[in-house]
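What follows is a set of notes on a single structure, which appears directly below.
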Amino acid sequence: MLPFFRRTLSAVLALGAAIALSPRLVHADDSAVGVSLAISPAHLANGSPCLITVGLHEEASTVTGKLQGHPVLFFSGTDHRRWFAIAGIDVETAPGNYPLAIDATLSDGTHRTLHQDIAVEEAPYEKVPLSVPDRFVEPNAAALKKIAADKIVKDKAFADSASKPAWTGNFLPPLHLAPQSDSFGNQRMFNGKLASVHRGLDYRAKPSTPVAAINSGRVVLAQPLYYEGGCVVIDHGLGLMSVYMHLSKIQVTVGRKVRRGQVIALSGATGRVTGPHLHLGVRWQGSYLDPAKLFQISVPKTSVASQNP
Ligand SMILES: [Zn+2]
(Lines give C-alpha, C1' and ligand atoms only; values in the text may rest on other atoms or scores of the structure.)
Protein backbone atom coordinates (compact mmCIF):
# COMPACT_ATOMS: atom_id res chain seq x y z
CA MET A 1 0.00 0.00 0.00
CA LEU A 2 1.22 3.48 -0.78
CA PRO A 3 2.25 5.53 2.23
CA PHE A 4 -0.41 8.15 1.48
CA PHE A 5 -3.26 5.60 1.49
CA ARG A 6 -1.90 3.88 4.58
CA ARG A 7 -1.84 7.21 6.44
CA THR A 8 -5.34 8.07 5.22
CA LEU A 9 -6.68 4.66 6.18
CA SER A 10 -5.21 4.79 9.66
CA ALA A 11 -6.60 8.30 10.11
CA VAL A 12 -10.05 7.08 9.04
CA LEU A 13 -9.79 4.09 11.39
CA ALA A 14 -8.68 6.32 14.24
CA LEU A 15 -11.54 8.72 13.55
CA GLY A 16 -13.99 5.83 13.42
CA ALA A 17 -12.72 4.53 16.73
CA ALA A 18 -13.01 7.98 18.24
CA ILE A 19 -16.59 8.35 17.00
CA ALA A 20 -17.51 4.91 18.27
CA LEU A 21 -15.92 5.38 21.67
CA SER A 22 -16.30 9.04 22.42
CA PRO A 23 -19.99 9.17 23.44
CA ARG A 24 -19.48 6.44 26.01
CA LEU A 25 -16.19 7.88 27.23
CA VAL A 26 -17.51 11.42 27.38
CA HIS A 27 -20.54 10.21 29.33
CA ALA A 28 -18.51 8.13 31.75
CA ASP A 29 -15.82 10.76 32.23
CA ASP A 30 -17.54 14.09 32.02
CA SER A 31 -20.99 13.54 33.43
CA ALA A 32 -19.75 12.44 36.83
CA VAL A 33 -17.03 15.10 37.00
CA GLY A 34 -17.83 17.84 39.45
CA VAL A 35 -20.47 15.89 41.38
CA SER A 36 -19.97 14.90 45.00
CA LEU A 37 -22.32 12.95 47.21
CA ALA A 38 -22.59 12.79 51.00
CA ILE A 39 -25.09 10.78 53.02
CA SER A 40 -25.76 11.34 56.70
CA PRO A 41 -25.77 9.24 58.83
CA ALA A 42 -22.95 7.24 57.22
CA HIS A 43 -24.50 3.87 58.18
CA LEU A 44 -28.08 3.15 57.17
CA ALA A 45 -30.39 0.37 58.32
CA ASN A 46 -34.02 -0.46 57.51
CA GLY A 47 -36.10 2.40 58.95
CA SER A 48 -33.30 5.00 58.74
CA PRO A 49 -34.06 8.46 57.44
CA CYS A 50 -31.07 10.24 55.88
CA LEU A 51 -29.94 13.57 54.52
CA ILE A 52 -28.46 13.37 51.02
CA THR A 53 -26.18 16.24 49.99
CA VAL A 54 -25.12 16.72 46.37
CA GLY A 55 -22.27 19.15 45.66
CA LEU A 56 -21.67 20.52 42.15
CA HIS A 57 -18.89 22.61 40.61
CA GLU A 58 -21.47 24.54 38.61
CA GLU A 59 -24.94 25.81 39.43
CA ALA A 60 -27.83 23.48 38.69
CA SER A 61 -31.42 24.35 37.89
CA THR A 62 -32.79 21.01 39.11
CA VAL A 63 -31.50 17.93 40.87
CA THR A 64 -33.50 14.71 40.97
CA GLY A 65 -32.77 11.26 42.26
CA LYS A 66 -34.12 7.76 42.61
CA LEU A 67 -33.66 5.40 45.56
CA GLN A 68 -35.29 1.95 45.54
CA GLY A 69 -37.67 3.24 42.87
CA HIS A 70 -38.75 6.21 45.00
CA PRO A 71 -38.28 9.73 43.63
CA VAL A 72 -35.78 11.69 45.74
CA LEU A 73 -36.72 15.38 45.65
CA PHE A 74 -33.95 17.92 46.23
CA PHE A 75 -33.93 21.50 47.42
CA SER A 76 -31.00 23.86 46.93
CA GLY A 77 -28.76 25.86 49.17
CA THR A 78 -28.32 29.56 48.48
CA ASP A 79 -25.92 29.17 45.55
CA HIS A 80 -27.56 26.26 43.68
CA ARG A 81 -24.31 24.32 43.90
CA ARG A 82 -25.35 22.43 47.00
CA TRP A 83 -28.57 20.46 46.94
CA PHE A 84 -30.21 18.49 49.74
CA ALA A 85 -32.88 15.83 50.12
CA ILE A 86 -34.42 14.04 53.07
CA ALA A 87 -34.91 10.41 52.10
CA GLY A 88 -34.87 7.05 53.83
CA ILE A 89 -35.06 3.26 53.86
CA ASP A 90 -38.41 1.63 54.63
CA VAL A 91 -38.57 -0.29 57.92
CA GLU A 92 -39.42 -3.51 56.04
CA THR A 93 -36.47 -3.33 53.59
CA ALA A 94 -34.21 -6.41 53.61
CA PRO A 95 -30.51 -5.76 54.23
CA GLY A 96 -28.41 -5.40 51.07
CA ASN A 97 -27.13 -2.86 48.56
CA TYR A 98 -29.59 -0.56 46.82
CA PRO A 99 -28.78 1.80 43.92
CA LEU A 100 -29.07 5.56 44.31
CA ALA A 101 -29.14 7.56 41.06
CA ILE A 102 -28.65 11.33 40.95
CA ASP A 103 -29.28 13.56 37.92
CA ALA A 104 -28.42 17.26 38.01
CA THR A 105 -29.49 19.60 35.19
CA LEU A 106 -27.07 22.49 34.90
CA SER A 107 -28.03 26.01 33.84
CA ASP A 108 -26.77 25.33 30.28
CA GLY A 109 -29.04 22.29 29.97
CA THR A 110 -26.32 19.63 30.28
CA HIS A 111 -26.56 16.87 32.87
CA ARG A 112 -24.33 15.53 35.59
CA THR A 113 -25.21 12.07 36.80
CA LEU A 114 -24.01 9.87 39.62
CA HIS A 115 -24.81 6.28 40.56
CA GLN A 116 -23.89 4.78 43.88
CA ASP A 117 -24.89 1.68 45.79
CA ILE A 118 -26.22 2.36 49.27
CA ALA A 119 -25.54 -0.33 51.88
CA VAL A 120 -28.50 -1.09 54.15
CA GLU A 121 -27.74 -2.96 57.37
CA GLU A 122 -30.25 -4.90 59.46
CA ALA A 123 -31.71 -2.98 62.40
CA PRO A 124 -32.21 -5.03 65.60
CA TYR A 125 -36.01 -4.86 65.87
CA GLU A 126 -37.79 -7.19 68.33
CA LYS A 127 -40.83 -9.46 68.26
CA VAL A 128 -43.49 -8.33 70.73
CA PRO A 129 -46.76 -10.07 71.68
CA LEU A 130 -49.70 -7.70 72.32
CA SER A 131 -53.32 -8.04 73.41
CA VAL A 132 -56.07 -5.90 71.87
CA PRO A 133 -59.86 -6.37 71.66
CA ASP A 134 -60.76 -9.14 69.19
CA ARG A 135 -62.61 -6.72 66.89
CA PHE A 136 -59.22 -5.38 65.80
CA VAL A 137 -57.85 -8.82 64.95
CA GLU A 138 -60.96 -10.26 63.28
CA PRO A 139 -62.98 -7.23 62.13
CA ASN A 140 -66.65 -7.94 61.31
CA ALA A 141 -68.37 -6.97 58.05
CA ALA A 142 -69.25 -3.45 59.22
CA ALA A 143 -65.68 -2.89 60.41
CA LEU A 144 -64.26 -4.19 57.11
CA LYS A 145 -66.44 -1.68 55.28
CA LYS A 146 -65.09 1.13 57.49
CA ILE A 147 -61.51 -0.08 56.99
CA ALA A 148 -62.00 -0.04 53.19
CA ALA A 149 -63.45 3.49 53.36
CA ASP A 150 -60.50 4.57 55.54
CA LYS A 151 -58.08 3.27 52.93
CA ILE A 152 -59.58 5.59 50.29
CA VAL A 153 -59.24 8.56 52.66
CA LYS A 154 -55.62 7.67 53.47
CA ASP A 155 -54.64 7.01 49.85
CA LYS A 156 -56.00 10.43 48.90
CA ALA A 157 -54.12 12.14 51.75
CA PHE A 158 -50.86 10.39 50.88
CA ALA A 159 -51.19 10.89 47.11
CA ASP A 160 -49.79 14.40 46.79
CA SER A 161 -47.01 16.18 48.58
CA ALA A 162 -46.06 19.84 48.14
CA SER A 163 -43.28 20.49 45.60
CA LYS A 164 -41.46 22.79 48.04
CA PRO A 165 -40.24 21.98 51.56
CA ALA A 166 -42.57 23.49 54.18
CA TRP A 167 -40.34 22.58 57.11
CA THR A 168 -38.35 25.17 59.03
CA GLY A 169 -35.21 23.78 60.67
CA ASN A 170 -34.91 20.47 62.46
CA PHE A 171 -37.83 18.17 63.19
CA LEU A 172 -38.84 18.20 66.88
CA PRO A 173 -40.61 15.61 69.08
CA PRO A 174 -44.41 16.06 69.30
CA LEU A 175 -44.46 16.26 73.10
CA HIS A 176 -42.16 16.62 76.09
CA LEU A 177 -41.93 12.93 76.99
CA ALA A 178 -39.35 10.30 76.23
CA PRO A 179 -40.72 7.88 73.63
CA GLN A 180 -41.30 4.27 74.56
CA SER A 181 -37.82 2.95 73.89
CA ASP A 182 -37.31 0.82 70.77
CA SER A 183 -41.01 0.74 69.90
CA PHE A 184 -40.28 1.54 66.24
CA GLY A 185 -39.88 -1.49 63.97
CA ASN A 186 -41.16 -4.12 66.42
CA GLN A 187 -42.85 -7.12 64.86
CA ARG A 188 -46.16 -7.26 66.69
CA MET A 189 -48.22 -10.37 67.30
CA PHE A 190 -51.74 -9.18 68.03
CA ASN A 191 -53.50 -11.74 70.25
CA GLY A 192 -51.01 -14.30 68.98
CA LYS A 193 -52.55 -14.21 65.49
CA LEU A 194 -51.75 -11.24 63.36
CA ALA A 195 -48.20 -10.05 62.76
CA SER A 196 -47.47 -6.52 61.68
CA VAL A 197 -44.41 -4.32 61.80
CA HIS A 198 -44.79 -1.26 64.03
CA ARG A 199 -44.26 1.65 61.67
CA GLY A 200 -43.98 4.45 64.20
CA LEU A 201 -42.83 5.59 67.61
CA ASP A 202 -45.09 5.39 70.67
CA TYR A 203 -45.18 7.92 73.49
CA ARG A 204 -46.97 6.85 76.69
CA ALA A 205 -48.88 10.10 76.95
CA LYS A 206 -51.74 10.48 79.43
CA PRO A 207 -55.07 11.16 77.70
CA SER A 208 -55.52 14.82 76.65
CA THR A 209 -51.80 15.60 76.44
CA PRO A 210 -51.26 18.37 73.84
CA VAL A 211 -49.62 17.04 70.64
CA ALA A 212 -47.46 19.39 68.56
CA ALA A 213 -46.63 19.29 64.85
CA ILE A 214 -43.06 17.97 64.45
CA ASN A 215 -42.48 20.61 61.78
CA SER A 216 -44.36 23.09 59.61
CA GLY A 217 -46.62 21.87 56.85
CA ARG A 218 -50.18 21.46 55.67
CA VAL A 219 -52.84 19.19 57.19
CA VAL A 220 -53.94 16.57 54.63
CA LEU A 221 -56.00 14.28 56.92
CA ALA A 222 -57.84 15.03 60.17
CA GLN A 223 -60.53 12.53 61.17
CA PRO A 224 -61.20 9.31 63.12
CA LEU A 225 -60.21 6.03 61.41
CA TYR A 226 -60.84 2.41 62.49
CA TYR A 227 -57.34 1.25 63.42
CA GLU A 228 -55.69 4.65 63.80
CA GLY A 229 -58.43 6.22 65.93
CA GLY A 230 -58.33 10.03 65.85
CA CYS A 231 -55.74 10.67 63.14
CA VAL A 232 -53.92 13.69 61.73
CA VAL A 233 -51.49 13.67 58.78
CA ILE A 234 -49.28 16.67 58.01
CA ASP A 235 -47.55 17.07 54.64
CA HIS A 236 -44.12 18.71 55.04
CA GLY A 237 -43.42 18.72 51.29
CA LEU A 238 -41.07 16.77 48.99
CA GLY A 239 -42.74 13.47 49.89
CA LEU A 240 -42.27 13.77 53.66
CA MET A 241 -45.31 13.47 55.99
CA SER A 242 -45.94 12.95 59.70
CA VAL A 243 -48.82 10.85 61.07
CA TYR A 244 -50.36 11.20 64.56
CA MET A 245 -52.71 8.47 65.84
CA HIS A 246 -55.09 7.50 68.68
CA LEU A 247 -55.98 11.16 69.33
CA SER A 248 -58.91 12.04 71.61
CA LYS A 249 -59.43 15.50 70.11
CA ILE A 250 -58.38 16.89 66.73
CA GLN A 251 -57.82 20.65 66.67
CA VAL A 252 -57.01 21.21 62.98
CA THR A 253 -58.85 20.72 59.71
CA VAL A 254 -57.74 19.49 56.28
CA GLY A 255 -56.03 22.19 54.23
CA ARG A 256 -54.84 24.20 57.20
CA LYS A 257 -51.19 25.27 57.39
CA VAL A 258 -49.50 24.55 60.71
CA ARG A 259 -46.23 25.75 62.21
CA ARG A 260 -43.57 23.61 63.82
CA GLY A 261 -44.49 23.13 67.50
CA GLN A 262 -48.12 24.17 67.03
CA VAL A 263 -50.60 22.07 69.03
CA ILE A 264 -52.73 20.11 66.54
CA ALA A 265 -54.57 17.65 68.82
CA LEU A 266 -54.88 16.01 72.23
CA SER A 267 -53.60 12.47 72.74
CA GLY A 268 -55.96 9.64 73.62
CA ALA A 269 -56.61 5.91 73.38
CA THR A 270 -58.78 5.64 70.27
CA GLY A 271 -58.48 2.91 67.58
CA ARG A 272 -56.37 -0.24 67.94
CA VAL A 273 -54.54 0.39 71.23
CA THR A 274 -53.56 -1.47 74.37
CA GLY A 275 -53.76 1.75 76.38
CA PRO A 276 -53.46 5.55 76.10
CA HIS A 277 -50.53 6.68 73.97
CA LEU A 278 -49.53 8.81 71.01
CA HIS A 279 -48.33 6.99 67.91
CA LEU A 280 -46.12 9.10 65.66
CA GLY A 281 -45.33 7.92 62.14
CA VAL A 282 -42.91 9.45 59.64
CA ARG A 283 -43.65 8.61 56.04
CA TRP A 284 -41.36 9.39 53.10
CA GLN A 285 -42.57 8.47 49.59
CA GLY A 286 -44.60 5.61 51.05
CA SER A 287 -41.78 4.32 53.26
CA TYR A 288 -41.99 4.40 57.05
CA LEU A 289 -38.96 5.80 58.87
CA ASP A 290 -37.86 5.98 62.51
CA PRO A 291 -39.04 9.37 63.88
CA ALA A 292 -36.37 9.34 66.63
CA LYS A 293 -33.67 9.19 63.94
CA LEU A 294 -35.32 12.03 61.98
CA PHE A 295 -35.04 14.25 65.08
CA GLN A 296 -31.25 13.67 65.05
CA ILE A 297 -30.80 14.95 61.49
CA SER A 298 -29.51 18.49 61.17
CA VAL A 299 -31.77 19.90 58.45
CA PRO A 300 -30.15 22.57 56.21
CA LYS A 301 -31.88 25.87 55.61
CA THR A 302 -34.10 25.73 52.58
CA SER A 303 -33.80 28.19 49.73
CA VAL A 304 -35.34 27.06 46.47
CA ALA A 305 -36.99 23.71 45.87
CA SER A 306 -36.09 21.80 42.77
CA GLN A 307 -38.80 21.98 40.13
CA ASN A 308 -39.45 18.29 40.30
CA PRO A 309 -42.20 16.56 38.36
ZN1 LIG B 1 -47.82 2.80 67.73
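Summary of computed values
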read-out	value
Area projected by the alpha carbon convex hull of the stretch 35-121, averaged over all directions, nm²	5.1
Cα-based helix-to-principal-axis angle, 3-30 vs the chain, degrees rounded to 10	20
Most mobile listed residue (A42, A101, A205) in the chain, GNM with C-alpha springs under 10 Å	A42
Cα-based Kirkwood hydrodynamic radius, the chain, one decimal, Å	21.6
Accessible surface of the stretch 137-276 [probe 1.4 Å, protein heavy atoms]: carbon and sulfur percent	56
Relative contact order for the chain, counting Cα pairs under 8 Å that sit 6 or more residues apart, in percent	19
Against the rule of thumb 2.2 N^0.38 Å, how large the Cα Rg of the stretch 188-254 comes out	1.23
Calculated diffusion of the stretch 146-268, Stokes-Einstein form, Kirkwood radius summed over Cα pairs, 25 °C and 0.890 mPa s, µm²/s	163
Principal-axis tilt of helix 141-159 within the chain, Cα atoms, nearest 10 degrees	40
Centroid-to-centroid separation of the stretch 220-243 and the stretch 124-155 [C-alpha atoms, Å]	16
Under 27 Å from K206, Cα to Cα: lysines that are on another chain or at least 8 residues apart	K127, K154, K249, K257, K293
Whole-Å semi-axes of the ellipsoid equivalent to the stretch 79-134 (Cα gyration tensor, √5λ, descending)	39, 15, 9
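The values are calculated or read from the model by the stated rules, or taken from the named source; none is laboratory data. All figures in this text were calculated on a predicted structure; none of them were measured in a lab. Just the protein is used for accessible areas: all its heavy atoms, side chains included, with ligands, DNA and RNA removed. Shrake-Rupley method; radii C 1.70, N 1.55, O 1.52, S 1.80 Å.
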